[in-house]
Each structure stands twice: as C-alpha cells, then as structure tokens.
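Taken together, the values in this text are just the output of simple stated rules run on the coordinates, not laboratory data. Being a predicted model, the structure only gives us computed values, none of them experimental. So basically every Cβ, Gly included, is an ideal-geometry build from the backbone, and we count neighbours across all protein chains shown.
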Amino acid sequence: MAYDRNNVFARILRGEIPCQKVYEDAHVLAFNDIRPQAPVHVLLFPKGEYVSVDGFAAKASAGEQAGFIVAVGKVARQDGLAESGYRTLANHGADPGQEVPHFHVHIFGGKRLGRMLPRE
Ligand code: AMP
C-alpha cells in the first residue's frame with residue numbers, strides 16, 4: 001500500500017491537527033490516544049513515511065529502528081510504567097483492523113490489562 005500523506009498522523013506531524021504530545025526527538029513523536037483504552041494509552045511513531053510495522057521493519061534504516069525501540073522504553077519509563085508493567089501493540093493491515101495507515105505502536109498501562117486477545 002502506498003503511503004497516504006493525508007493520514008491523520010501525517011497531519012499531526014505537520015502541525016495541521018493538535019495532539020497531546022508526551023515525547024519527541026529527531027525521529028519519533030509520541031502523544032496520548034484520543035480514545036484511551038487504559039489509564040496510559042500512548043501512540044508512538046517514527047516521523048518517516050511508513051504505512052505499518054511491515055514497511056518499517058523492511059525499509060527503515062538501522063538508526064531509525066534502533067531509535068524507535070529506545071524511544072518506546074523512554075516513554076514507558078517517563079509514564080512510570082517500568083515497574084508496574086505495560087503492553088506494546090502494533091497493528092498491520094486488515095486482520096487486526098489497523099485504522100491509521102502510519103506505523104505506530106500503542107503503549108498501554110496503568111491497570112491490569114487482561115487477556116491479550118478477546119475470547120472468540
Ligand atoms: P490502529 O487501529 O492501531 O491504527 O489505532 C489507531 C489509533 O489512533 C486509535 O486508537 C485511535 O483512537 C487513535 N487516533 C485516531 N485519531 C487520533 C488523533 N487525532 N489523536 C490521537 N489519537 C488518534
């Protein structure tokens with residue numbers, strides 16, 4: 001799938017739509033999810049144009065990939081989640097229902113999170 005420059009996260013990156021920013025560096029932006037599903041629900045994504053984890057894994061530079069996972073740890077620690085625990089989740093494509101076609105990781109925490117997937 002080609003990258004859509006009008007997706008909502010691209011527009012947030014360009015400053016066209018506001019967000020509740022919690023972290024930013026040269027390669028990464030993180031902000032609070034607009035419809036939080038846990039007391040802490042942060043979305044963290046690279047500034048580069050990647051539709052999902054699949055393209056990021058295949059095409060991003062080693063520096064972007066390393067910086068990304070380092071930023072995940074920083075944001076989780078910043079939110080006080082390192083001790084109590086947290087979950088990271090990335091949706092790719094149709095089966096998990098990816099809504100926004102710009103690669104992002106969800107960081108959930110602040111309560112017992114229960115099963116990873118709902119029972120069928
Ligand atoms: P996904 O299904 O993994 O693509 O998740 C997309 C997430 O983006 C959802 O949890 C939405 O609540 C969130 N979201 C959509 N628009 C915004 C926005 N403008 N600001 C913050 N979060 C958003």
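Could you give the dipole magnitude of the chain about its Cα centre, charging the beta-carbon of Lys and Arg +1 and that of Asp and Glu -1, in debye to the nearest 20?
Working: 14 positive and 13 negative charges, 63 e Å.
Magnitude of the dipole: close to 300 debye.
With labels modelled as points extended 7 Å from the Cα through the Cβ direction, what inter-label distance (nm, one decimal) is found for V70 paired with R119?
Roughly 4.4 nm, to one decimal.
What is the extension gain from A57 to R35, computed as 0.36 nm multiplied by their sequence separation minus the C-alpha to C-alpha distance, in nm to one decimal? Spell out each step's value before the answer.
On the way: separation 22, 0.36 × 22 = 7.92 nm, distance 2.68 nm.
Difference between extended and current length: 5.2 nm.
With each pseudo-label sitting 7 Å past Cα toward Cβ, what's the Q78-R11 distance in nm, one decimal?
Inter-label distance under the simple model: 2.4 nm.
How much length, in nm to one decimal, is gained on full extension between A94 and Y3, taken as 0.36 nm per residue of separation minus their Cα-Cα distance? Intermediate values should be presented prior to the final figure.
Numbers: separation 91, 0.36 × 91 = 32.76 nm, distance 1.57 nm.
So the extension gain works out to 31.2 nm.
With the convex hull built on the Cα atoms of the chain, state its orientation-averaged projected area in nm². Numbers along the way, then the final one.
On the way: hull surface 31.2 nm².
The number I arrive at for the chain is 7.8 nm².
Between A26 and R112, take the C-beta separation as r, use R0 = 35 Å, and let me know the FRET efficiency to the nearest 0.05. Don't skip to the answer; put the middle values down first.
On the way: r = 35 Å, r/R0 = 1.01.
For A26 and R112, the calculated efficiency is 0.50.
Could you tally up the Lys pairs in the chain with alpha carbons closer than 19 Å? Skip any pair fewer than 8 positions apart unless they're on separate chains. Provide the component values of the computation, followed by the final result.
Numbers: K21/K47; K21/K74; K47/K59; K47/K74.
Taking the Cα cut-off of 19 Å, the pair count is 4.
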